[in-house]
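Taking it in order: structure first as structure tokens, then the write-up.
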Amino acid sequence: TFAASQIQLDTSTQGALINKNIYGQFAEHLGRGIYEGLWVGAESSIANTKGWRNDVLSALKALHVPLVRWPGGCFADEYHWRDGIGPRANRPVKVNTNWGGVEEDNAVGTHEFFELVELLGAEAYVNGNLGTGSPQEMAEWLEYMTAEGKSTLAELRRKNGREQPFKVDYFAVGNESWGCGGNMTPDFYTHLYKQYTTFLKTPAHNTPKWIASGSHSEDTSWAAYLTTHVKQKMDAVSFHYYTLPTGKWEKKGAALQFPEAEWASTMQRTLAMDGFIRNNKAVMDKQDPEKKVGFYVDEWGTWYDVEKGENPGFLYQQNSLRDAVVAALNFHIFHQHADRVHMTNIAQMVNVLQAMILTDKEKMLLTPTYHAYKMYVPFQDATSVPLKLTGVPQYQVGDISVPAVSATAARTKNGELYLGLVNLNPNQSETTEINLAGIVIASVSGQLLTAAQMDAHNTFEKPHAIEPKPFSAKGNNGRLTLQLPAKSVLVVKVQ
Ligand code: AHR
């Protein structure tokens with residue numbers, strides 16, 4: 001049989017561990033991301049647990065959300081933690097200056113955030129305020145969260161209902177310090193990073209991994225400067241990259257009803273993530289060849305023009321099959337760089353940018369991106385299996401030309417072998433032949449996500465319009481030939 005592309009898996013060697021936190025999430029005080037999308041308050045008629053809505057919680061549990069980053073984003077550098085503790089009625093009302101100028105009543109604060117991650121069984125990533133805070137304020141927040149003795153701050157935490165310290169798994173010093181976090185240069189930030197981290201102290205068994213705020217897109221100067229000048233208390237440098245169909249912030253492109261040229265440019269722009277990570281890894285390798293410092297892509301995803309009639313500051317957008325394909329392509333890139341990329345956080349979990357879940361008051365829907373995350377759950381904490389992809393045809397539109405097929409493979413802790421495949425060509429199915437040196441493929445089974453339209457999506461009226469469907473195929477003499485439908489994401493277990 002004629003096979004357009006060939007995937008050769010090398011099951012004799014092991015690739016890097018795919019840290020489960022590559023599938024991490026981000027929830028900022030932004031639009032309806034936290035308020036309404038996740039938090040409705042205990043008094044709400046929407047069923048909830050300690051104020052967190054049950055429908056959204058159970059959908060997120062099915063995703064095995066490994067980690068949540070909070071409270072921002074740009075919001076983090078204007079967030080003062082003392083505003084969010086104590087009786088809710090007494091908490092100050094602030095203006096969310098970054099996101100729509102709306103009132104922020106601080107109903108969700110430190111205790112509520114930890115209740116959320118504990119309900120989800122996720123790790124906690126707290127982003128500290130460098131931009132408008134002080135070393136003292138940041139140090140005291142950490143003391144409040146982690147102190148075990150009878151210090152005034154530990155006692156205040158107990159008075160507010162929490163006897164045991166919170167487990168802070170990750171802590172970042174500022175966010176986008178090159179922009180909304182203070183418009184700093186790498187050297188100015190690096191001095192501040194060293195100054196602040198000097199005073200951040202926790203009990204030895206509850207020390208977070210320390211994250212320095214890095215750069216975005218093609219810029220490698222922050223990763224280079226930080227890894228050259230910070231030799232302690234820096235477990236990772238963060239990085240942000242958003243996929244805009246047009247690449248222009250003034251007119252990014254629509255979430256739905258876009259032309260094929262924008263499907264193609266979205267694919268091309270999202271695949272640029274690979275080069276950005278490669279270049280940053282190259283500069284980090286010079287200073288840190290042992291790869292002690294991680295490279296965390298703690299914001300990424302699609303960013304479209306805001307939906308008509310929505311508050312422009314709320315960054316609410318629909319989510320279609322295109323977003324699921326974007327998500328899967330990025331998972332494959334992250335798996336490939338899993339030796340340095342130990343965490344990523346898609347922006348954002350609910351109702352904001354490339355969300356898993358959209359809500360409309362009591363209604364909720366799961367997006368195609370949600371389904372992609374669910375299909376890739378077996379890859380969390382699996383070990384990647386190196387593979388070679390040959391003979392892949394290009395998908396071409398105008399000046400754009402990108403490989404039509406992307407693939408990833410990994411072995412779970414239980415020894416199961418999984419394959420993830422994407423055909424990003426929206427017009428043509430692709431035949432792919434899979435070979436496992438020395439291993440006979442009897443069959444594969446899993447789930448396929450595809451649809452007739454490039455912008456197939458779920459609405460509150462039709463919440464199940466696009467969902468994954470069961471998929472299976474049989475091997476022939478140890479080989480397997482798969483037909484990947486146009487614009488599809490496939491995850492299968494090899495048996
Ligand atoms: O995710 C939305 C915003 O994008 C974040 O607040 C900021 O860090 C980034 O610019």
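Annotations
- Only one of the listed residues (98, 90, 127) is in the same structural domain as residue 170 (by TED's automatic domain parsing) and touching a Cys at 6+ places or on another chain (Cβ under 6 Å). That residue is 98.
- Filtered by the rule that a residue be part of a loop (DSSP other than H, G, I, E, B) and over 26 Å from residue 69 (Cα atoms), the stretch 248-270 gives 248, 250, 251, 253, 254, 256, 257, 258, 259.
- Meets criteria (in contact (Cβ under 8 Å) with a residue 24 or more places away in the chain, part of a loop (DSSP other than H, G, I, E, B) and either of a type in the set (Phe, Trp, Tyr) or more than 25 Å from residue 382 (Cβ to Cβ) (or both)) for residue 30: yes
- Residue count for the stretch 220-235, restricted to those that are more than 16 Å from the ligand (Cβ to nearest atom) and surrounded by 22 or more Cβ atoms within 10 Å (Cβ to Cβ): 4
- In the stretch 51-85, the residues that are away from the ligand (no atom under 11 Å from the Cβ), in contact with a His (Cβ under 9 Å, 6 or more places away or on another chain) and of a type outside the set (A, V, I, L, M): 70, 79, 84
- Matching residues in the stretch 242-265 - criterion: being touching a helix residue (DSSP H, G or I) at 6+ places or on another chain (Cβ under 6 Å) and either within 14 Å of the ligand (Cβ to nearest atom) or not assigned by TED's automatic domain parsing to the domain that holds residue 326 (or both): 243
- When 130, 142 are screened for being within 16 Å of the ligand (Cβ to nearest atom) and crowded, with 21+ Cβ neighbours inside 10 Å, only 130 passes.
- Residue 4 meets the conditions (1) more than 16 Å from the ligand (Cβ to nearest atom); (2) at pLDDT 95 or above in every case but one. The failed one is (2).
- Against the test of being assigned to a strand (DSSP E or B), touching a Gly at 6+ places or on another chain (Cβ under 6 Å) and buried (at least 20 other Cβ atoms within 10 Å of the Cβ), the options 491, 422, 444 yield a single qualifying residue, 491.
- Test: residue in the stretch 306-314 that is within 20 Å of residue 60 (Cα to Cα) and either within 16 Å of the ligand (Cβ to nearest atom) or crowded, with 24+ Cβ neighbours inside 10 Å (or both): no
- Filter result for the condition that a residue is in contact with a helix residue (DSSP H, G or I) (Cβ under 7 Å, 6 or more places away or on another chain) and either surrounded by fewer than 14 Cβ atoms within 10 Å (Cβ to Cβ) or not assigned by TED's automatic domain parsing to the domain that holds residue 481 (or both), over 391, 398: 398
- Candidate set: the stretch 355-370, residues that are surrounded by 24 or more Cβ atoms within 10 Å (Cβ to Cβ) and within 14 Å of the chain's Cα centre (by Cα); chosen: the one farthest from residue 307 (Cα to Cα): 370
- Hits in the stretch 52-87 (condition: among the acidic types (Asp, Glu) and surrounded by fewer than 20 Cβ atoms within 10 Å (Cβ to Cβ)): 55, 83
- Taking the numbered list (1) within 25 Å of residue 98 (Cα to Cα); (2) within 16 Å of the ligand (Cβ to nearest atom) in turn, residue 273 passes all entries but (1).
- Scope the stretch 447-462; condition surrounded by 15 or more Cβ atoms within 10 Å (Cβ to Cβ), touching a residue at least 60 places away in the same chain (Cβ under 8 Å) and not acidic (Asp, Glu); matching residues: 447, 449, 450, 451, 453, 454, 456, 457, 458
- Qualifying residue in the stretch 151-172 (condition: over 26 Å from residue 88 (Cα atoms), under 26 Å from the mean Cα position of the chain (by Cα), β-branched (Val, Ile, Thr) and more than 16 Å from the ligand (Cβ to nearest atom)): no
Conditions (1) outside any loop (DSSP other than H, G, I, E, B); (2) among the hydrophobic types (A, V, I, L, M, F, W, C); (3) without any contact (Cβ under 8 Å) to a residue 24 or more places away in the chain, marked per residue:
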| residue | (1), (2), (3) |
| --- | --- |
| 138 | yes, yes, no |
| 149 | no, no, yes |
| 158 | yes, no, yes |
| 172 | yes, yes, no |
| 176 | no, no, no |
| 194 | yes, no, no |
| 200 | no, yes, no |
| 214 | no, no, no |
| 218 | no, no, no |
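- Check on residue 395, under 24 Å from residue 304 (Cβ atoms), more than 15 Å from the chain's Cα centre (by Cα) and not in a loop (DSSP other than H, G, I, E, B): yes
- Residue tally, condition within 16 Å of the ligand (Cβ to nearest atom) and under 17 Å from the mean Cα position of the chain (by Cα), over the stretch 7-36: 9
- The single residue among 98, 21 that is modelled with pLDDT of 95 or more, crowded, with 16+ Cβ neighbours inside 10 Å and not in a helix (DSSP H, G or I) turns out to be 98.
The values are calculated or read from the model by the stated rules, or taken from the named source; none is laboratory data. Just so you know, these numbers come straight off a predicted model, no measurement behind them. Note that each Cβ is placed from the backbone with ideal geometry, even for glycine, and that neighbours are counted across all protein chains shown.
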